[in-house]
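Colleague: Following this message is one structure expressed as structure tokens.
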Amino acid sequence: MTRKELFHGVEGILDPFKDFLVTKGLKKGDQVVYYGVPGTCTPFVEMLGFAINSLELEQVFVPMMNESKAYRLQSVREIGMQARVSSVGLKPKAIVILGGLSMPDVPVKVEKVKAVIDKHPGALVMGFCFMHMFEKAGWLTEISFDCLIDAMIDPVEVTTKS
């Protein structure tokens, strides 16, 4: 059964993310692996990571689906979560696919994402994107997300002095 809920603001992203992991029984030491585009997705990985830091999960960022370049996220005092340590072994209880991977100019195909998901049977599959990126790329018919957070950034209000 599929359930869709509507939330607002940054808390509307972070709270459901954390709540989903808690309700699925992830416990201290379990691994959450984020897959995304360096630079574009990294700040969102750090934000999601900070939201679940109190759960004491091992968190890892994998750039461009290249698992050989995985980095462990660590809490850095007075900064937040940062990708710091490389050469991390992967044993995810949860996989988080970020929408930047589905953007038109990013050289990652949905088949590569599916192959990585298949390498980790039993892992929860989560998606996080903005502005319906997975839908626009046609990925929703290819990937069965256990949880999908699709946030809107519209409108964007900019104020400048003349």
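The values are calculated or read from the model by the stated rules, or taken from the named source; none is laboratory data. Remember, predicted model here, so these are calculated numbers, not experimental data. Positions of Cβ are backbone-derived with ideal geometry, glycine not excepted, and every protein chain shown enters the neighbour counts.
Colleague: Go through Val116, Val76, Val110, Val96 for me and flag whichever is under 18 Å from Phe50 (Cα atoms), within 16 Å of the chain's Cα centre (by Cα) and among the hydrophobic types (A, V, I, L, M, F, W, C).
Modeller: Only one candidate passes the filter, namely Val96.
So that you can scan it fast, the table gives a plain yes or no per residue for (1) touching a strand residue (DSSP E or B) at 6+ places or on another chain (Cβ under 8 Å); (2) among the hydrophobic types (A, V, I, L, M, F, W, C); (3) closer than 19 Å to Gln82 by Cα:
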{"residue": "Asp15", "(1), (2), (3)": "no, no, no"}
{"residue": "Phe20", "(1), (2), (3)": "yes, yes, no"}
{"residue": "Leu26", "(1), (2), (3)": "yes, yes, no"}
{"residue": "Val37", "(1), (2), (3)": "yes, yes, yes"}
{"residue": "Thr42", "(1), (2), (3)": "yes, no, yes"}
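Colleague: Something else now. Can you pull out the residues in the stretch 1-37 that are among the small types (Gly, Ala, Ser), in contact (Cβ under 8 Å) with a residue 12 or more places away in the chain and part of a loop (DSSP other than H, G, I, E, B)?
Modeller: The answer is Gly29, and nothing else.
Colleague: Here's a follow-up. Across the stretch 9-41, what is the number of residues that are over 21 Å from Leu101 (Cβ atoms) and either of a type in the set (Ser, Thr, Tyr) or modelled with pLDDT of 95 or more (or both)?
Modeller: Going through the stretch 9-41 one residue at a time, the tally reaches 12.
Colleague: Continuing with the same structure: Starting from the stretch 127-153, keep only residues that are closer than 14 Å to Leu101 by Cα, then list their pairs with residues that are hydroxyl-bearing (Ser, Thr, Tyr) whose Cβ atoms are within a distance under 8 Å, requiring at least 6 positions of separation or different chains.
Modeller: Listed pairs, sorted by first residue: Cys129/Ser102; Met133/Ser102; Phe134/Ser102; Lys136/Ser102; Ala137/Ser102; Trp139/Ser102.
Colleague: Criterion first (surrounded by 17 or more Cβ atoms within 10 Å (Cβ to Cβ) and either touching an Asp or Glu at 6+ places or on another chain (Cβ under 7 Å) or part of a strand (DSSP E or B) (or both)) does Val60 satisfy it?
Modeller: Yes.
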